[in-house]
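S.K.: First the structure, which I've put down as structure tokens, then a few questions once you've had a look.
Readers should treat all values here as calculations from the given coordinates under stated rules, not as data from a laboratory. These numbers come from a predicted model, not from an experiment. Glycine also receives a Cβ, built like all others from the backbone with ideal geometry; neighbour counts cover every protein chain displayed.
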Amino acid sequence: MTMPLMISDSCHHVCVTEHEAMRRRRKRVVVFIKVLFEILEDEDPALCQRAKEITRQCIRKNRQRDPNYKSLVDSLGRKLRKHISDKYW
């Protein structure tokens, strides 16, 4: 059984499960990465290809159950941030 979390949403509190909070976080990361790829495709295609390769590597290692990639969201953020300049992050 998951414990409910209290998340502040402007003027009121909404109780959601940990699963729902993780799902929302995962969705935000996916949207962020899609936008990042669009920007990089226009401004730095080589870096965009590198970012896509990093993403593929993270997904592959997560599927192989590599303990360092257990959380795909965390590993993607960590690896992409390391290789993408602050200009785009």
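S.K.: Using 18 Å as the Cα-Cα cut-off, could you pick out the over-long pairs in Lys27/Lys82; Lys52/Lys79; Lys34/Lys87; Lys61/Lys87? Each step should come with its number before you reach the end.
M.R.: On the way: Lys27/Lys82 21 Å; Lys52/Lys79 11 Å; Lys34/Lys87 16 Å; Lys61/Lys87 27 Å.
The answer is Lys27/Lys82; Lys61/Lys87.
S.K.: Next question, about the same structure. Taking R0 as 35 Å, what FRET efficiency do you get between Val35 and Arg63 from their Cβ-Cβ distance, rounded to the nearest 0.05? Numbers along the way, then the final one.
M.R.: On the way: r = 24 Å, r/R0 = 0.69.
The calculated FRET efficiency here is 0.90.
S.K.: Whole-Hz ³J(HN,Hα) for each residue in the range 55-60, computed from phi via Karplus 6.51 cos²θ - 1.76 cosθ + 1.60 with θ = phi - 60°, x for glycine and proline: what do you get?
M.R.: Those phi angles translate into 4, 4, 4, 4, 5, 4 Hz.
S.K.: Something else: Would you grab the residues whose amide H sits under 5 Å from the one on Thr17? Only those 5+ places off in sequence or on another chain, please, with H modelled 1.01 Å from N.
M.R.: The list, which skips near neighbours in sequence, is Leu5.
S.K.: Net charge around His19, counting only other residues with Cβ within less than 12 Å of its Cβ (Lys, Arg = +1; Asp, Glu = -1)? Show your work: numbers first, answer last.
M.R.: Details: positive: Arg23, Arg24, Arg25, Arg26; negative: Glu18, Glu20.
Neighbourhood net charge equals +2.
S.K.: Given R₀ = 30 Å, FRET efficiency for Arg50-Arg28 by Cβ-Cβ distance, to 0.05? If you can, show how the numbers build up before the last one.
M.R.: Working: r = 22 Å, r/R0 = 0.75.
Efficiency, from the Cβ-Cβ distance: 0.85.
S.K.: Modelling each spin label as a point 7 Å along the Cα-to-Cβ direction, I'd like the Arg81/His19 distance in nm, to one decimal.
M.R.: Rounded to a tenth, the inter-label distance reads 2.8 nm.
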